[in-house]
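What follows is a single structure, written as structure tokens, with notes after it.
The values are calculated or read from the model by the stated rules, or taken from the named source; none is laboratory data. The shown structure was predicted, so the numbers you read here are calculated from the model rather than taken from an experiment. Reconstructed Cβ throughout: ideal geometry from the backbone, glycine too, with neighbour counts over all protein chains shown.
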Amino acid sequence: MTTKINYKFYEDGLIRELQQYVDKTYDQHYATDKYQATDVIIDSGHGTGFCLGNVIKYAKRYGNKGSACDARNDLMKILHYTLIQLYIHDEENKTKDRNPAYGPYPEYNKNYSAAPFHHDPNAHIPRGEWNFSIDAATVEEWNEVNRKFISESGGFNPDAFSISD
């Protein structure tokens, strides 16, 4: 028999409100494309800095800009970026000591798992060969990406975008 928790600080209602807030962000203009900017930032290896930077930004702004409603919205943004950072943390630290309430990671007992580009479920590379940071790309890799981008986008001079040592 499950007992009903009598939350002292209305946490259950606030969690439901946070869920509604997050749901609304998926209806806004920056979430209507195939990939959100946050996807690209995470996939390029800068998700933690982005999320924690936004947590700090909204925490410092809290109560210093606009109305009490604006300050409350800043708290919702802090919580949302914290949730995204929890996702990043869990993706980067897939260990068996993860909270069992979330279930096991599907990657256990597999030789391959999804590429770091979490929005591309068809791209698989061997575990341990991931390149999580764009900063680690070689000059040749950058030039190849530029050439591919330019050829697919229709016709700039690829040599104009080459990087040299």
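Does Ile56 satisfy the criteria of being in the same structural domain as Leu79 (by TED's automatic domain parsing) and surrounded by 14 or more Cβ atoms within 10 Å (Cβ to Cβ)?
Criteria not met by Ile56.
With the requirement that a residue be exposed (fewer than 14 other Cβ atoms within 10 Å of the Cβ), in a helix (DSSP H, G or I) and small (Gly, Ala, Ser), what does the range 60-95 give you?
Ala68 - this is the single residue of the range 60-95 that is exposed (fewer than 14 other Cβ atoms within 10 Å of the Cβ), in a helix (DSSP H, G or I) and small (Gly, Ala, Ser).
Being among the basic types (Lys, Arg) and at pLDDT 95 or above is the filter here; which residues of the range 75-110 pass it?
Lys77
Sort through Asp33, Asp23, Asp39 and tell me the only one that's in the same structural domain as Lys77 (by TED's automatic domain parsing), acidic (Asp, Glu) and either in a loop (DSSP other than H, G, I, E, B) or in contact with a Ser or Thr (Cβ under 6 Å, 6 or more places away or on another chain) (or both).
Asp33 is the lone residue from the list that is in the same structural domain as Lys77 (by TED's automatic domain parsing), acidic (Asp, Glu) and either in a loop (DSSP other than H, G, I, E, B) or in contact with a Ser or Thr (Cβ under 6 Å, 6 or more places away or on another chain) (or both).
Which condition breaks for Tyr35 when tested against (1) surrounded by 13 or more Cβ atoms within 10 Å (Cβ to Cβ); (2) within 21 Å of Glu91 (Cα to Cα)?
(1)
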